[in-house]
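Student: There's a structure below that I have some questions on.
The values are calculated or read from the model by the stated rules, or taken from the named source; none is laboratory data. All values reported here derive from a predicted model rather than from experimental measurement. When we count neighbours, we look across all protein chains shown, and the Cβ atoms used for this are built from the backbone with ideal geometry, even at glycine.
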Amino acid sequence: MGGFMVKLFKDRFTEEQLQKLGLNDRQMKAVEYVKTKGKITNAEYQEINNVSKRTATNDLSELVEQYKLLNNKGFGAGSYYELIIGQIGQRMGNNGALRAITVQNKKISS
């Protein structure tokens with residue numbers, strides 16, 4: 001016999017939680033953008049926040065390295081950032097819903 005377990009996670013990216021972490025207004029705006037769109041590029045960050053490429057790069061780097069909220073995918077002009085959900089790294093889908101959930105198969109002995 002088999003079984004499974006599904007783990008669902010609540011939204012830990014509320015404005016209140018992001019403020020508690022110490023994100024600046026631009027970074028909070030970017031996280032909301034990623035929740036809606038599924039990803040963000042450096043160019044999109046520059047556009048939605050009206051900042052230079054250097055500021056966008058610095059802010060996004062903080063979201064990846066310091067806050068551990070985003071994961072950088074790709075290199076150069078094709079790179080983009082996705083949200084990291086929980087400790088197992090599921091990503092948000094384009095509509096802000098979880099794209100992956102944890103499923104564990106367990107052998108049930110009788």
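Student: Check every one of the strands (runs of 3 or more DSSP E) wholly within region 33-110 and list those with 1 or more residues that are modelled with pLDDT of 95 or more.
Tutor: Of the strands (runs of 3 or more DSSP E) lying wholly inside region 33-110, those with at least 1 residues that are modelled with pLDDT of 95 or more span 70-73, 80-83.
Student: Note down all Cβ pairs under 6 Å where the first residue falls in region 48-66 and is over 15 Å from Tyr80 (Cβ atoms), the second is charged (D, E, K, R) and modelled with pLDDT of 95 or more, and they're at least six residues apart or on different chains.
Tutor: The qualifying pairs are Asn49/Arg26.
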